[in-house]
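S.K.: The structure that follows is given in the form of structure tokens.
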Amino acid sequence: DFRSPLASVILAAKALLKRGESADPRRVNEYLTIIVDQANKLSHLAEDTLSIAKMESGQLSYFFKVVNIERLIKDAAALVSFSRRHTLEYTVDSGVSYIKGDQTKLRQVVQNLLSNAVKYSPKGGHISVRAENYATDQLLVSVTDEGIGIPEDQIDKLFQKFSRIDTTEAREIKGSGLGLWICKEIVKSHGGRIWVESDLGKGSTFKFTLKKGHQE
Ligand code: ADP
């Protein structure tokens, strides 16, 4: 997983170096975009790997503070590389504003779900994020895509470590099967739960709950 984005960064950087000052500005832009996108992927992977190592050794520390949900969604979206084929919209219902949680880790959850929404809708489509009130003391965050979807008989194993969907379409898309496991662990540590509703070939909605005002 680390090798392929790293190889792309090296190739693009070498191509830029070789062309030097005579390079066509459009090509320069293309190569720089590759470098930024792939470096983002690497940083995402490094963050996931670090989280897993710490989770496994029970050393992952949570720092709870007041988190603005809208800010969190915006910050997470800014870290995801959306392609031109995708459109993004987010809605934060009135009355949903702050919760107590670990800002960095919750951002990682939304970022992982958004990255998956992009990755598993290769033909593009609309992606939406919504934060709404749920029950009396919880809020619900959902990330919806119009992607390849998930077969019903494989939904149960999705949040397990290294679990990947076994369909022709899903196998063509590279991944480690770790992101959703990390999301589940983080959401659990906030007293919430995470699940998915999906229609094969039509899209998926990943949902997680957070307790309002929850503090460790
Ligand atoms: P990765 O994407 O690295 O394989 P994840 O743990 O994030 O790992 O996801 C596990 C599996 O769940 C993926 O391999 C993919 O098959 C499936 N999956 C995750 N998100 C989506 C989505 N939005 N649409 C369809 N399938 C998904």
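No lab work stands behind these numbers, since they all come straight from the coordinates. None of these values were measured; they are calculated from a predicted model. Cβ sites come from the backbone with ideal geometry, for glycine too, and all protein chains shown count toward neighbours.
S.K.: Can you name the residue in region 168-181 that is within 8 Å of the ligand (Cβ to nearest atom), part of a loop (DSSP other than H, G, I, E, B) and not small (Gly, Ala, Ser) and, of all such residues, is surrounded by the fewest Cβ atoms within 10 Å (Cβ to Cβ)?
M.R.: Looking at the filtered set, the residue picked out is 174.
S.K.: With the checklist (1) surrounded by fewer than 16 Cβ atoms within 10 Å (Cβ to Cβ); (2) out of contact with any Lys or Arg (no Cβ under 6 Å at 6 or more places or on another chain); (3) under 28 Å from residue 5 (Cβ atoms) in hand, flag the one item residue 163 doesn't pass.
M.R.: The one condition residue 163 does not meet is (2).
S.K.: Test of understanding: among 95, 58, which residue is away from the ligand (no atom under 16 Å from the Cβ), farther than 22 Å from residue 159 by Cβ and not in a helix (DSSP H, G or I)?
M.R.: Just one listed residue meets the conditions, 95.
S.K.: Report whether or not residue 184 is within 12 Å of the ligand (Cβ to nearest atom) and part of a loop (DSSP other than H, G, I, E, B).
M.R.: For residue 184, the condition - within 12 Å of the ligand (Cβ to nearest atom) and part of a loop (DSSP other than H, G, I, E, B) - is not met.
S.K.: What residue, among those in region 187-202 that are part of a helix (DSSP H, G or I) and in contact (Cβ under 8 Å) with a residue 60 or more places away in the chain, is nearest to the chain's Cα centre (by Cα)?
M.R.: By that ranking, first place goes to 187.
S.K.: So, one more: Which of the residues spanning region 1-31 are within 30 Å of residue 182 (Cα to Cα), surrounded by fewer than 14 Cβ atoms within 10 Å (Cβ to Cβ) and among the aliphatic types (A, V, I, L, M)?
M.R.: 7, 10
S.K.: Can you give me the number of residues within region 61-76 that are touching a residue at least 24 places away in the same chain (Cβ under 8 Å) and outside any helix (DSSP H, G or I)?
M.R.: Within region 61-76, residues that are touching a residue at least 24 places away in the same chain (Cβ under 8 Å) and outside any helix (DSSP H, G or I) number 7.
S.K.: Can you find a residue in region 133-142 that is touching an Asp or Glu at 6+ places or on another chain (Cβ under 7 Å) and in contact (Cβ under 8 Å) with a residue 60 or more places away in the chain? If you could, list the steps in order and put the result at the bottom.
M.R.: Narrowing region 133-142 to residues touching an Asp or Glu at 6+ places or on another chain (Cβ under 7 Å): 133, 139-140.
If we keep only those that are in contact (Cβ under 8 Å) with a residue 60 or more places away in the chain too, we end up with 139-140.
Yes, region 133-142 contains a residue that is touching an Asp or Glu at 6+ places or on another chain (Cβ under 7 Å) and in contact (Cβ under 8 Å) with a residue 60 or more places away in the chain.
S.K.: Tell me, please, whether a residue that is free of Cβ contacts under 8 Å to residues at least 40 places away in the same chain, of a type in the set (Phe, Trp, Tyr) and more than 15 Å from the ligand (Cβ to nearest atom) can be found in region 152-161.
M.R.: Scanning region 152-161, I find no residue that is free of Cβ contacts under 8 Å to residues at least 40 places away in the same chain, of a type in the set (Phe, Trp, Tyr) and more than 15 Å from the ligand (Cβ to nearest atom), so the answer is no.
S.K.: Right, here's the next one. Out of 115, 121, which single residue is within 12 Å of the ligand (Cβ to nearest atom) and part of a loop (DSSP other than H, G, I, E, B)?
M.R.: Going through 115, 121 in turn, just one is within 12 Å of the ligand (Cβ to nearest atom) and part of a loop (DSSP other than H, G, I, E, B): 121.
S.K.: Something else: Over 25 Å from residue 60 (Cα atoms), β-branched (Val, Ile, Thr) and more than 12 Å from the ligand (Cβ to nearest atom): which single residue out of 136, 144 fits that description?
M.R.: Exactly one of 136, 144 is over 25 Å from residue 60 (Cα atoms), β-branched (Val, Ile, Thr) and more than 12 Å from the ligand (Cβ to nearest atom), namely 136.
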